[in-house]
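The values are calculated or read from the model by the stated rules, or taken from the named source; none is laboratory data. All values derive from a computational prediction rather than experimental measurement. Cβ placement follows ideal geometry from the backbone for every residue including glycine, while neighbour counts extend to all protein chains displayed. Surface accessibility is based on the protein's heavy atoms, side chains included, excluding ligands, DNA and RNA. Shrake-Rupley method; radii C 1.70, N 1.55, O 1.52, S 1.80 Å.
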Amino acid sequence: MTDSATREGPAGATYRGEALAIEFRHVTKRYPGQDAPAIDDLSLTVPPGETCCLVGPSGGGKTTAMKLVNRLIEPTSGDILIGGHSVLTYDVTTLRRDIGYVIQQVGLFPHMTIGANIGTIPRLLGWDKERIAERTGRLLDLVRLDRSYAKRYPAQLSGGQQQRIGLARALAADPPVMLMDEPFGALDPITRAEIQDEFLSLENEIRKTVIFVTHDIDEAIKMGDKIAVLRPGGKLAQYGSADELLGDPVDDFVADFVGADRGLKRLSLRSVGELADPGREAPPGAPSVVAGTSLRVGLSVLLAQGAEVLGVTKEGRPAGAVTLAEIREAAGS
Amino acid sequence: MNLPAQGPVIPDFGNTSGCKANETFCWDWFADHWDRFAAELVQHVWVSAIAIVIGLAIALPAALLAYRLPRFETPAVVFSTILYTVPVLGFFLLMIPVTGIGLLTIEIALVGYTLLLLFRNTVTGLRSVPPEVRAAALGMGLTPGQILVRITFPLALPAVMAGLRVVTVTTISLATLAAYIAPYGLGQSILFYIGNTFISGLISAGVLAILLALVADALIVGLTKLVTPWARARRGGA
């Protein structure tokens, strides 16, 4: 297995396009001349097709952990496996071409057109021109930019458009794995929310295993199927779903990091429809919201109206009710 | 013989002519002597072009080396600055004992003047490549060689071309002094006619040298636009 893997990347010829699991196995990174390791015995597995957000304060080693995957940084000990194969057995260039890479500063090539930027890796992989052009067009559709953008230069695009192209370029060769280093960190809040939403819906279509580095816990909650909290010194503090982290932080560090408002954040993860008892009827005059509303908004409505029970409607018809006590319970651990 | 009333006829160094000594520019004389000027012009182009090409052939690899090994930069700058600072005529005279009287001496001197600008501009251009562009290229899986050829060097081109532009004009102008050493280029006519009261010869050679510099400059500007179409692309523009 490993013999052929040294020549072929993790995607290989047959795997390309399929999501593969990423597994960190007791990975430690120690820089010469530094006492404390940057990454300390990190073990975690990102299941195929899931997004894992690496969060933590500066110095937590989240970017280092990410760069270990495409070997921009080599581990001191331990191993990282993509689809069950150690990244250390691959030729480094081949490995990187099979991993989509998106960085905060985008780093589009200013002297190449958008089309040429997106087609960079397919060109190096020896695709023919027609296939590259067809792929570029499809990717522009995917990131919701007009196909005419292919002929423009990066300097002619806004920041948000540039990062969309950065995303398209990373997806060009249909890699099974994506690494994203604070990809939306430089965008204004409105553009960021927009592109986050687009990436979420795009992820449903493309199903990639994604490692997403961010310092923003709210972004991690929004984007991640799983969240890994790293503490200074590169130790994994907690790894789990957003709900687990918010509902059951393992220690004060994680509790502090996810924020004192973690109860409220947890409420934004679930809708009133999930919690509503369909058999219960809201008393007359009780406020009501549609089932898709988050518990957080539901709570806000209850508080604003001084009510104890919130009616829930689905497609215009009553669909049960939620009590303030139930919401309080959902917020707690 | 019919002498014009305005002044003596220019003997034209053996040939008769209709031009007058105090005439500013005599087109007939210029037309008669076009062959000589054309030959010198062609020579001038060659003398300059050889120097520029050799200058590029030395400065570009040296700049790449300095970009990779910063240790190398200071000695290279000192060396090329010294070459650049020596007065050109002094340079010619210094070189004669070593390389003799001829084209070799001329080219060595001219190349010496191209190095500093070409080297420094190229290094500056290579360094001006945004770090995130190289980081993205590396992370995507381009090899260091591919990054240099496909990313770094193309992005350094505007700076290289800006240096080339100045160097070309400078070399064409310095090449007029080459005739002090050996009979090459428009400098021959300039030297030959400079003491003469009939100034058409001096004007012809001088204006041709200036025109050559202007044309070369325009060509390089055009070439720059051709090889760096992206440099003018800005938001809103096309």
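Where does the charge balance sit around A:Tyr149 when Lys and Arg score +1, Asp and Glu -1, over other residues with C-beta under 12 Å from its C-beta?
+3
For helix A:295-305, what angle does its Cα long axis make with the longest principal axis of chain A, in degrees from 0 to 90 and rounded to 10?
30 degrees
State which entries of A:Lys62/A:Lys151; A:Lys29/A:Lys226; A:Lys62/A:Lys222; A:Lys265/A:Lys314; A:Lys208/A:Lys314 exceed 29 angstrom in Cα-Cα distance in the structure shown.
A:Lys62/A:Lys151; A:Lys208/A:Lys314
For peptide B:141-153, what's the mean number of Cβ atoms from other chains within 10 Å of each residue's Cβ?
Taking all residues of B:141-153 together, the mean is 4.
Which aspartates and glutamates have a Cα lying under 19 Å from the Cα of B:Lys20, excluding residues fewer than 8 positions away in the same chain?
B:Asp12, B:Asp28, B:Asp32
Given 0.36 nm per residue, what is the gain on full extension from A:Ala325 to A:Ile190 after removing their alpha carbon distance, in nm?
Value of the extension gain: 45.2 nm.
Working only with C-alpha atoms, what are the Rg and Dmax values of chain A, expressed in angstrom?
Gyration radius and largest Cα-Cα distance of chain A: 22.5, 72 Å.
Which values of log₁₀ I(q)/I(0), to two decimal places, follow from the Debye formula for region A:266-331 at q = 0.16, 0.23, 0.27 Å⁻¹ with a uniform point scatterer at every Cα?
Each listed q maps to, in turn, -0.40, -0.86, -1.21.
Among A:Ala193, B:Ala159, A:Thr136, whose Cα lies farthest out toward the positive end of the dipole of the protein assembly as shown, if unit charges sit on the beta carbon of Lys, Arg (+1) and Asp, Glu (-1)?
B:Ala159
Quick one, what does Rg over Rh come out to for the protein assembly as shown if you take C-alpha atoms and the Kirkwood Rh?
Rg divided by Rh gives 1.21.
Are there any helices in chain B, counted as whole DSSP H runs, that stretch 15 Å or more along their axis by Cα and score at least 1.0 on average by Kyte-Doolittle, and if so which?
Counting only whole DSSP H runs, the qualifying helices are B:34-68, B:88-99, B:103-127, B:153-174, B:200-227.
So what is the calculated 222 nm ellipticity per residue for chain A, using -39500 (n - 2.57) for each DSSP H run with n of 4 or more, over all residues, to the nearest 500 deg cm²/dmol?
Taken over chain A, the calculation gives -10000 deg cm²/dmol.
Positive end of the charge dipole of region A:266-331 (Lys, Arg +1 and Asp, Glu -1 on Cβ, about the Cα centre): tell me which of A:Pro287, A:Ser271, A:Ala325 has its Cα farthest that way.
The residue sitting farthest along the positive end of the dipole is A:Ser271.
Given bins 10 angstrom wide, list per bin the percent of all Cα-Cα distances in chain B, short to long.
Result returned by the calculation: 7, 25, 26, 19, 12, 7, 3, 1, 0.
Projected onto the charge dipole of the protein assembly as shown (+1 at Lys/Arg Cβ, -1 at Asp/Glu Cβ, origin at the Cα centre), which of A:Ser86, A:Cys52, B:Leu219 gives the Cα projection farthest towards the positive end?
Of the candidates, B:Leu219 comes out farthest on the positive side.
What size of dipole, in debye to the nearest 20, comes out for region A:266-331 about its Cα centre when the only charges are +1 on Lys and Arg C-beta atoms and -1 on Asp and Glu C-beta atoms?
180 debye
Return the tail of the calculated pair distribution for region B:71-149, meaning the percent of Cα-Cα pairs more than 21 Å apart.
Tail of P(r) above 21 Å: 50 percent of Cα pairs.
Could you give the dipole magnitude of the protein assembly as shown about its Cα centre, charging the beta-carbon of Lys and Arg +1 and that of Asp and Glu -1, in debye to the nearest 20?
So the magnitude is around 900 debye.
Would you mind telling me the share, in percent, of accessible area of region B:32-224 contributed by carbon and sulfur at probe 1.4 angstrom?
Ligands and nucleic acids excluded, carbon and sulfur give 76 percent.
Between 0 and 90 degrees, rounded to the nearest ten: what's the tilt of helix A:129-142 against the longest Cα principal axis of chain A?
20 degrees
In whole Å, what is the distance between the alpha-carbon centres of region B:17-43 and region A:125-145?
That distance is 62 Å.
Determine, from the Cβ-Cβ distance of B:Arg234 and A:Glu308 and an R0 of 35 Å, the FRET efficiency 1/(1 + (r/R0)^6), rounded to the nearest 0.05.
Using R0 = 35 Å, I get an efficiency of 0.05.
Taking the mean number of other Cβ atoms within 10 Å as a proxy for protection, how do you rank B:80-92, A:266-278, B:169-181, A:148-160 from highest to lowest?
B:169-181, A:266-278, A:148-160, B:80-92
Using protein heavy atoms only (no ligands, DNA or RNA), what is the total accessible area buried between A and B, 1.4 Å probe, nearest 100 Å²?
2100 Å²
Go ahead and collect, in residue order, the members of region B:25-66 whose backbone nitrogen is under 16 Å from a label point 7 Å along the Cα-Cβ direction of B:Val166.
Counting backbone N atoms under 16 Å from the label point, the list is B:56, B:59-60.
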